[in-house]
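Got a structure for you, written out below as structure tokens; questions coming shortly.
The values are calculated or read from the model by the stated rules, or taken from the named source; none is laboratory data. Remember, predicted model here, so these are calculated numbers, not experimental data. Positions of Cβ are generated from backbone atoms using ideal geometry, with glycine treated the same way; all protein chains shown enter the neighbour counts.
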DNA sequence: CATGATATATATCATCCAGATATCTGTCCA
DNA sequence: TGGACAGATATCTGGATGATATATATCATG
């Protein structure tokens, strides 16, 4: 029997280099800057870890997609600033046309809630209060970012920035609604359990 | 100078074994069943890959937290069904009291949108239409699940299942709203570019 | 009834990725 | 003067994904 071996060279995710390329497309940055950016403005939909970042910068520079240059000492120590090259822009543009791959979800909070039991309610309410606080703060940030973007005039990426920002806003509002709803449900459940306990 | 070495034995995430334990707490299952469950009913907030699943089952069985037994041939091939043990239940209960760790977000869709440019709009509308279709289908599923849960009477975990389900519903509705809004924005942008192009 | 597509089922391996850790310098402030 | 802290670069371990391999049984289809 004849069979065909599919060799297709494992098209792994490998998104980190493109994320880096995209960040450097906006403006030249150091590794530290990229991380900062991912923590603050992109944090609600993208995260980068050092363990991926620095190797990616090295590899991209070796491939000629970015260029390393001394960035002067803005503060304390010699900065290594990277800027995107023409071929880097090409690679980014090509990647941008490929459909995005869905990233798996893993919410430990929801998993722990899912395994919850009426008989042994514990710190669930606190967890939900924490989420509520986080998302409320996020919503404040989004409002600030939105007004900053409005003032900034029209960058060619502005419509897309507003779209991603909109995602964050919709998401946060939904989570806040869920928190309030779930708090009610949890409190009702605890009261129910209490009543049963006293009636006994 | 005297300094203290923090050795704290890398409290890595290691959530897979507990996810498995939790699933087996609900009912005895095979590895395949767990994966199926994660793909369908838990899919909107939790995912498991085979690469973690089978080693976790082996390790948990070796540690005595679960027990392996022959599950008869339900269909095609000998099934290896696992059930949770008393010490497994204890481990699960302990883990459940620990606060959940936040899991990093990485949405390739939003990243690609963020790097978008007014000058070169491409397949973004299609991506958003895909999301819209997915979330609409998810919402239908949630409705079905909700009515199934209502019929099922009162399992001690029911209130928690409704809470996680509520999360999925709120989230899907928010994403759907975002899709509609973003489609409008994208179409307006393309029209704007078109007008500029014809005016030239 | 051969053929192939598909579902059930278990398992491994190559990468990819997160987070902990290490190290160093300058600034602020008590 | 000394410590806390922020800016900065980097590495390593171990956890997680997804592709792949291997089998068997079922079911539609010509």
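Under the condition of being closer than 20 Å to residue B:96 by Cα, at pLDDT below 90 and near DNA strand D (Cβ under 8 Å from one of its atoms), which residue from the stretch B:1-52 is nearest to the other protein chains (Cβ to nearest Cβ)?
B:13
Would you mind stating whether residue A:135 is in contact with a helix residue (DSSP H, G or I) (Cβ under 8 Å, 6 or more places away or on another chain), within 11 Å of chain B (Cβ to nearest Cβ) and assigned to a helix (DSSP H, G or I)?
Criteria not met by residue A:135.
While we're looking at this one, here's another question. Return a yes/no flag: does the stretch A:69-87 have any residue that is away from chain B (no Cβ under 14 Å), surrounded by 18 or more Cβ atoms within 10 Å (Cβ to Cβ), within 16 Å of DNA strand D (Cβ to nearest atom) and not in a loop (DSSP other than H, G, I, E, B).
Yes; the residues of the stretch A:69-87 include at least one that is away from chain B (no Cβ under 14 Å), surrounded by 18 or more Cβ atoms within 10 Å (Cβ to Cβ), within 16 Å of DNA strand D (Cβ to nearest atom) and not in a loop (DSSP other than H, G, I, E, B).
Working only within the stretch A:88-129, note down all residues that are more than 30 Å from residue A:24 (Cβ to Cβ), in a loop (DSSP other than H, G, I, E, B) and more than 7 Å from chain B (Cβ to nearest Cβ).
A:121
Then there's this: Restricted to the stretch A:143-190, and to residues that are farther than 28 Å from residue B:106 by Cβ and not in a helix (DSSP H, G or I), which residue is nearest to the other protein chains (Cβ to nearest Cβ)?
A:154
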